[in-house]
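S.K.: Supplied in C-alpha cells, the structure appears directly below.
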Amino acid sequence: MKRVYIPLIIIALITTLVVRSNTKPVEYETAKVEKIHFLQQVSVTGKVVSAQDVDMSFESGGRVSVVNVKVGDRVKLGTRLSSVDSGDAYASYLRAVASLDVEKAKLAAMVAGNRPEEIAIAETGVRNAQASYTQAKNSIASAIADAFAKSDDAVRSKVDQLYKNPRTTYPEIISFGNYDLKIKLEKQRVEIGRLLDSWKLSVDVLNTGGYDPKYVIEAKNNLAIIRDFLDGIGIAVGSLDSNSMSQTTIDKYRADVSSARSNVNAAISTLNSSEISLQSASSNLEDAKNQLALKNAGSRPQDIDAERAQVKSAQAGVLSASAVLGQKSINAPFDGIITKVDAKVGQIVSPNIGVISMISDAKFEIELFIPEANIAKVKIGQEASVWLDAYGPDQIFPATVTSVDPAETIVNGVATYKTKLQFKNADDRVRSGMTANTNITSDDRNDILSVASKAVVTDDTGKFVYTYGKGNPKGKPTKQLVEVGTIDSKGNIEIKKGLNEGDVVVTNPSKVTASNNS
C-alpha cells in the first residue's frame, strides 16, 4: 500500500507546482507620458545629380495678382516671384495672429494675478448687469400689464359690440350664417370673460408684489386663447353682408376687429421680446457674478495649464493659417535665374500647373524617390540634413526641398514621387553620383505630450491605451480612450487628449489582452 501512496503524492506535488507556475503575476512593460521635443523626419537615400531647371506652380489656384519677375532675372532664395489673390487667406492669418495675442495676454494676466483695478471693474460689471436685469424684469411686468390692457380693450370694447348681453352667462352674437361657429364664439365669450377677470387679479398682484415667472406663462397662455377667439371673430365679421345691416356698420365692425387682432398680436410680440431680453439679462448677470468670483479667487494652477494649452492651440492656428497663405505665392526655392514665366496678372491659374521655371546657381542637387506612405509629409521649402557616403555621417550638408513631382514614378513596383533638394551652400567636395542620405524635417515642435506608439491600441471603440499604477485597483491595467496625432521618427505618438503628463501606460498591451482572455 505504501508503494501506491508515494506516486500519488509525487503527482500531487507536481500538479501544485504547475498551477503555481501558471498563476504568476503578469509582468507589464510601462512608460510615463512625457512632454518631449517632437521631431518627425522622412529618411530617404538618393543621388547627387547635376542641377536642373525646376518648374514651380501654385499649391492653391486663383487669379494672379502679382508677377515680380521676367525671364533672365537673377533671384535670391525666398524671393516672392508671383502671387494669386490672397485676401481671405491673409485675413484668416491676421485673425489667427490676433487670437494668439489674445490667448498670450490671458495667460500673462493669469500668471500675474488680478489687480485691485480689475476686481473693481468686475464689481462694476456685476452692478451694471444687476441694473439691466432689474430693468428687464420691470419691462416684462409692463409688457404683461400692457398685454392685459390690449386684450381687455380688444374683447370688451371692440368685440362686445357684436354681442347682446356680452358680460352675462348667455351672450348672443349677431347672426352671420355659420351656426356652429356662432355657438362656439358665444361659449368662448363666457370663458374669455372669466379669463380676463382672473388675469386682472394677477396683474394687480404683479404690479404690487413684483415679478414672478409664473405671470409670463399665464400671460402667454391667455394671449394664445384670446388670439384664437379673435380669429373666429374675424371670420364672423368677414361673413357679414349688407342684407342684414348697413355696409357702414359692417365696415366699422371689421375695422374694430382688425384693430383688436393687431393689438393682441403686437402684445404677443412685445411679451416674447421682453422675455428674451430678461433671459439675456439673467445670463449676463450670472456671467458677471462668475467673473467677479474668478477675479476674487485668482487663477488656479490647472487653469493656467489650460490657458497654456490654449496658447499652443492658437500657435497651431497661426501655423495653419500661415501655411494656407503660403499656398497663394510662389517663392524662389534657391538662388538662381528665371527661365520661364507663363503667369500674367489677371490670369486664372489652376493648382499644380507649372507657371514659372528657374535654374539653380548651384552645380548639384539631390534627387530622391519618396514612397507614397511618406510623401504627404514632404512640402517644398522644408529643411533637410544630408550626409554623403563618401564623407560619413559626421559631415552634414544642409539642404532644402525645392520640388515634388505631382505624378508618381514606379520604382521596383512601388509608387514613389520624385523629389529634389537643393544644397544650401556650395561645396567643392560634392560630386555627381554620390549617395546622399537625407533626413527631411516635416515636424519640429517642443513640449509635445507623447508616449511610445506601441502602447496605443485600436478596436471598435477607437484608439486607447492601458493606464497602470495610481488609481488602478490591485495593479490592474485600465483602458483609457485617447486622441492621437502623428508619430515622430523615434516611434513616439502625439497625445492630444485623454492622458496627462506623468501618467503611466502599458507598452506591451498584448500582455493585458492575453491576461484578460485567460
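S.K.: I want to verify the translational diffusion coefficient of region 220-305 in µm²/s; compute it with Stokes-Einstein, Rh as the Kirkwood radius over Cα pairs, at 25 °C and 0.890 mPa s.
M.R.: The Stokes-Einstein estimate is 142 µm²/s.
S.K.: What accessible area, in Å² to the nearest ten, does a 1.4 Å probe give for E59?
M.R.: Accessible area of E59: about 100 Å².
S.K.: Could I ask something else about it? Can you give the direction-averaged projected area of the convex hull of the alpha-carbon atoms in region 138-280, in nm²?
M.R.: One quarter of the hull surface, i.e. the mean projection, equals 8.4 nm².
S.K.: Moving to a separate point now. With each run of n ≥ 4 DSSP H residues scored as -39500 (n - 2.57), what mean residue ellipticity at 222 nm is computed for the chain after dividing by its residue count and rounding to the nearest 500 deg cm²/dmol?
M.R.: -16000 deg cm²/dmol
S.K.: Right, next: Provide the FRET efficiency to the nearest 0.05 for the T248-S280 pair, computing r from the beta carbons and using R0 = 51 Å.
M.R.: The pair T248/S280 has a calculated efficiency of 0.60.
S.K.: Sticking with the crude label model, points 7 Å out along Cα→Cβ, report the distance from T486 to D361 in nm, one decimal please.
M.R.: Those two pseudo-labels are separated by 3.1 nm.
S.K.: Further question on the same structure: Using just the alpha carbons, could you tell me how many Å³ per residue the convex hull of the chain encloses?
M.R.: Per-residue hull volume (Cα only) is 424 Å³.
S.K.: Sticking with this one: Given the Cα atoms of region 434-501, and with Rh set as the inverse mean 1/r over their pairs in the Kirkwood sense, what is Rg to Rh to two decimals?
M.R.: When Rh is taken as the Kirkwood radius, the ratio is 1.12.
S.K.: Now for a separate question. Report the extension gain between A131 and V111 in nm, rounded to one decimal, defined as 0.36 nm multiplied by the number of residues separating them, less their alpha carbon distance.
M.R.: 4.0 nm
S.K.: Which entries of K32/K496; K158/K214; K377/K420 have Cα-Cα distances beyond 19 Å here?
M.R.: Listed pairs above 19 Å: K158/K214.
S.K.: In addition: Run the numbers for N207 and I225: contour at 0.36 nm per residue of separation, minus the present Cα-Cα distance, in nm.
M.R.: Between N207 and I225, full extension yields an extra 4.2 nm.
S.K.: Under the √(5λ) rule applied to the eigenvalues of the Cα gyration tensor, what semi-axes describe the equivalent ellipsoid of region 261-408? Give them in Å, descending. Don't jump to the answer; show the numbers that get you there.
M.R.: Details: eigenvalues 666, 163, 35 Å².
In descending order the semi-axes read 58, 29, 13 Å.
S.K.: Could you name the aspartates and glutamates whose alpha carbon sits less than 17 Å from that of K328, not counting residues in the same chain fewer than 8 places away?
M.R.: Qualifying aspartates and glutamates at Cα under 17 Å: D55, E59, D85, D88, D342.
S.K.: Something else about it: Let me test this: with uniform point scatterers at the alpha carbons of region 398-457, what is the Debye-based log₁₀ I(q)/I(0) at q = 0.21, 0.25, 0.26 1/Å?
M.R.: Taking Cα atoms of region 398-457 as identical point scatterers yields -1.01, -1.13, -1.16.
S.K.: So how long is each side of region 168-252 along the principal axes, counting just the alpha-carbon atoms, biggest first, in Å?
M.R.: Per principal axis, max minus min of the Cα coordinates gives 53, 24, 19 Å.
S.K.: Here's a follow-up. Straight-line reach from K363: which aspartates and glutamates have a Cα under 14 Å away, not including same-chain ones fewer than 8 places off?
M.R.: Within the straight-line cut-off, K363 pairs with D53, D335, D427, D428.
S.K.: Over the chain, average the accessible area per residue using a 1.4 Å probe and give it in Å², no decimals.
M.R.: With the other protein chains kept in place, the chain gives 58 Å² per residue.
S.K.: Quick one: accessible surface of R227, probe radius 1.4 Å, all protein chains present, in square angstrom to the nearest 10.
M.R.: Accessible area of R227: about 100 Å².
S.K.: If one puts a single equal scatterer on every Cα of region 92-145 and applies the Debye formula without solvent, what log₁₀ I(q)/I(0) results at q = 0.13, 0.24 Å⁻¹?
M.R.: Reported log10 I(q)/I(0), two decimals: -0.61, -0.89.
S.K.: Taking R0 as 30 Å, what's the FRET efficiency between K496 and D88 from their Cβ-Cβ distance, rounded to 0.05?
M.R.: Computed FRET efficiency for K496 and D88 comes out at 0.60.
S.K.: To continue, here is another question. Can you name the helices of the chain, as whole DSSP H runs, whose Cα span along the helix axis is 20 Å or more and whose Kyte-Doolittle mean is not below 0.0?
M.R.: Result, helices passing both filters: 2-22, 87-112, 213-238, 301-326.
S.K.: Looking at the P(r) of region 58-156, how many percent of alpha-carbon pairs lie beyond 22 Å?
M.R.: 70
The values are calculated or read from the model by the stated rules, or taken from the named source; none is laboratory data. In this text, all values refer to a predicted model and were calculated from it rather than measured experimentally. As a convention, Cβ positions derive from the backbone with ideal geometry for all residues, glycine included, and neighbour counts pool all protein chains shown. Ligands, DNA and RNA are stripped out before the accessible areas are found, and what is left, the full protein with its side chains, is counted by its heavy atoms. Shrake-Rupley method; radii C 1.70, N 1.55, O 1.52, S 1.80 Å.
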